[in-house]
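To keep things clear, I will list the structure first and then write my remarks on it.
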């Protein structure tokens, strides 16, 4: 009954919007903080400790700063496997953001690939961990998937354009 009342009055939506704004503001502060850290190692360690929802906003903000159109998911959980979308050269890319402190789970990559195939869209699997051999192989085998981590992640957050944002991969 309480949930129904929140939906009818719009209070849940306002709360969700405030939370999105709070995470977006925190993402702005994280971007500033990253610039002040010494070395890429410290930057990655810092990113591995931030709130996962702030990481999502951080990535979307980085794409926005490059002039791309970004579509934010209406909620942080129950988002159907996407944490947002970015339109690059007229192509809409799905985004999956994962904050890992160790190697990424290949099952997470597989699940995202299934989503990309079912929607017939390309996507970015962006994470703060290490890309192990199984996940790397999955990324090589799926032309619709770009895995971004490490230096590429730091470059994206620093405002650099990611090279080769085409759907054709060269190996």
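The values are calculated or read from the model by the stated rules, or taken from the named source; none is laboratory data. Just so we're clear, the structure is a prediction, and the values are computed from it rather than from any experiment. Glycine also receives a Cβ, built like all others from the backbone with ideal geometry; neighbour counts cover every protein chain displayed.
Of the residues making up region 151-164, those that are part of a helix (DSSP H, G or I) and surrounded by 15 or more Cβ atoms within 10 Å (Cβ to Cβ) are 152, 153, 154, 155, 156, 157. Among residues of region 83-95 that are at positive phi and surrounded by fewer than 18 Cβ atoms within 10 Å (Cβ to Cβ), none has a Cβ under 8 angstrom from a residue that is modelled with pLDDT of 95 or more and assigned to a strand (DSSP E or B) at a sequence gap of 6+ or on a separate chain. The single condition from (1) assigned to a helix (DSSP H, G or I); (2) under 19 Å from residue 128 (Cβ atoms) that residue 50 fails is (1). So residue 101 passes all but one of these: (1) crowded, with 17+ Cβ neighbours inside 10 Å; (2) outside any helix (DSSP H, G or I). Which condition number does it fail? Of the numbered conditions (1) crowded, with 17+ Cβ neighbours inside 10 Å; (2) outside any helix (DSSP H, G or I), the odd one out for residue 101 is (1).
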